[in-house]
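The values are calculated or read from the model by the stated rules, or taken from the named source; none is laboratory data. Predicted model, so just to flag it, every value in this text is computed and none were measured. Cβ sites come from the backbone with ideal geometry, for glycine too, and all protein chains shown count toward neighbours. Ligands, DNA and RNA are stripped out before the accessible areas are found, and what is left, the full protein with its side chains, is counted by its heavy atoms. Shrake-Rupley method; radii C 1.70, N 1.55, O 1.52, S 1.80 Å.
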Amino acid sequence: MENKVKQPSAKNASTRWRTSASLILVAPAAAASEDYNLLMLKRSEATAIADNQTVFPGGLLDVEGDESVAWLEYFEQFGVSQEALRSLILISDHRPGILAPQGNGCYDRFFKRSKIWAREITLRLTALRECFEEVGILLCRSRTQLNQLDAVALTAQFQREQQHFDRETWQRRVHNKPSEFLELCRELQVVPDLWALHEWSAWASPAIVKKGHETVFFMVFLDNQPILLAEPTEVKECLWRTPVDFLCMYQHGELWLMPPQIYELSRLIAIPNYQKLLQFAAQRSQLGTTLFLPVGYNCSDGMVFALPGDELYVAEPHLATEPISFPGTADELRARSTCLHRYEFTGPTVCRVHLNIITPNGHLPPQNLPNPLHKL
C-alpha cells in the first residue's frame with residue numbers, strides 16, 4: 001500500500017483554513033426514545049455548496065466584530081469579573097491551534113491587551129453572533145443573571161434567550177456589520193452568555209480542500225424551542241429534529257451533510273436523554289479538544305478519511321494536500337489496519353464511521369445507523 005504523503009513546499013503549506021465557530025443547540029422535546037431536538041439549517045442556494053446542504057448555526061470569525069478591545073471594555077463596565085472570563089479558558093499543553101492562546105504574556109495581564117487573544121472567548125462571541133444573525137436567537141445575560149453565575153456549576157447553566165426587542169431590524173444590522181452585535185448588547189444592557197456554551201469538538205477541512213475551514217463546535221442547552229427568525233439570504237429552512245432523524249434524512253437524500261455534521265450526529269445517538277447529555281457536555285468540556293483534520297485516501301469504491309489515532313493518520317496532516325492512493329476497496333484497506341478511527345464514503349449518502357480505539361478527550365464514540373436504512 002502506498003503510504004507516502006506528498007510534502008508540499010512551505011509556500012504551498014501555508015494556512016488556507018478560515019476560522020469559524022458553530023453552535024449545536026439542544027432543546028427538550030416530548031418523546032419516548034429521544035427527548036431532545038437539535039437545530040440545523042438548510043443553506044440557501046446562494047450560500048450552499050450542495051443541494052439541501054444542512055449545517056449547525058455558525059459562521060466565520062470576524063476580527064473587527066469579535067476581537068475588538070471594545071468587548072473587553074464593555075465586559076468591565078458591565079461588571080463581568082476576570083474570574084468569570086478566566087473560567088472559560090482551558091489552560092492545557094495540548095490545545096489545538098484554533099484554541100491556542102493568540103500571543104504571549106501571562107494571564108494576569110491578558111485582559112488588558114489590545115485584543116481578546118483567548119480563542120475560548122473570541123469564538124464563543126463568533127458562535128453567538130452568527131446564531132443571532134442566522135435565526136434571531138440571542139443568548140445573553142442581564143446584570144442580575146450575571147450575578148447568579150455559580151463558580152462551581154458554571155458550565156452546567158443555560159439561559160432563556162432575549163426576545164423583547166426589534167429582532168428583525170437588529171438581525172439585519174448585525175448581518176450587514178458584525179460589530180453591531182456589541183451595539184445590540186449595549187442597547188439591551190446584556191452580555192452574550194458565553195458561559196452557556198460547552199466546548200464540544202473542533203474540525204478542519206482536509207488539506208486536499210484548497211480553501212477550507214477550521215471550526216470549533218460548542219453545545220448549548222435551551223429550556224424550550226424558541227421562535228426563530230431565519231435570515232433569508234443565508235437560510236432556506238430551519239429544522240428541529242433528533243440526531244437519528246437527521247441521519248435518516250441524510251441517508252434518504254432529503255438533506256446533505258458534511259462529514260463533521262455526520263460524525264457529531266452519530267456521537268449523539270449514544271445519549272438520547274436531554275439531562276444526561278447536559279451533564280456529559282458540561283463535564284467533558286473540561287477535558288479539552290483534539291482537532292480532527294482528516295487525511296484522505298482514494299480507494300477503488302470510494303474515499304476513506306483517517307482521523308487522529310488511526311494508524312493511517314500521518315504526522316503532519318496539514319501537508320497531505322493530495323489523496324493517498326490505494327488500489328483496493330475501503331473494506332480491504334480497513335482489513336490491513338489494527339487501530340481504526342476513520343469514516344468511509346462509498347456512495348452519495350453512504351458514510352460509515354469506524355472506531356475501535358478509545359475516543360480522545362473522554363468523548364462519545366460515534367455509532368452507525370443500520371444500512372440499508374428503514375425509517376425509524
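Between segment 13-77 and segment 219-260, the C-alpha centres lie 12 angstrom from each other.
If the chain between R143 and K211 were fully stretched, how many nm would it gain, using 0.36 nm times the residue separation less the Cα-Cα distance?
Details: separation 68, 0.36 × 68 = 24.48 nm, distance 4.12 nm.
Additional length available on full extension: 20.4 nm.
For I269, the amide hydrogen comes within under 5 Å of the amide hydrogens of Q367, counting only partners 5 or more places away or on other chains and with H modelled in the peptide plane. Taken per residue, the accessible surface of segment 279-376 reaches 46 Å², heavy atoms only and a 1.4 Å probe.
With a 1.4 Å probe and every protein chain kept in, tell me what percent of the accessible surface of segment 235-285 is carbon plus sulfur.
On the way: 860 of 1730 Å².
On segment 235-285, the fraction of accessible area on carbon and sulfur atoms equals 50 percent.
The simple Förster model, with R0 at 41 Å and r as the Cβ-Cβ distance, assigns Y74 and L239 a FRET efficiency of 0.75. FRET efficiency for N224 and D35, Cβ-Cβ distance as r, R0 = 22 Å, nearest 0.05? Here the calculated transfer efficiency is 0.95.
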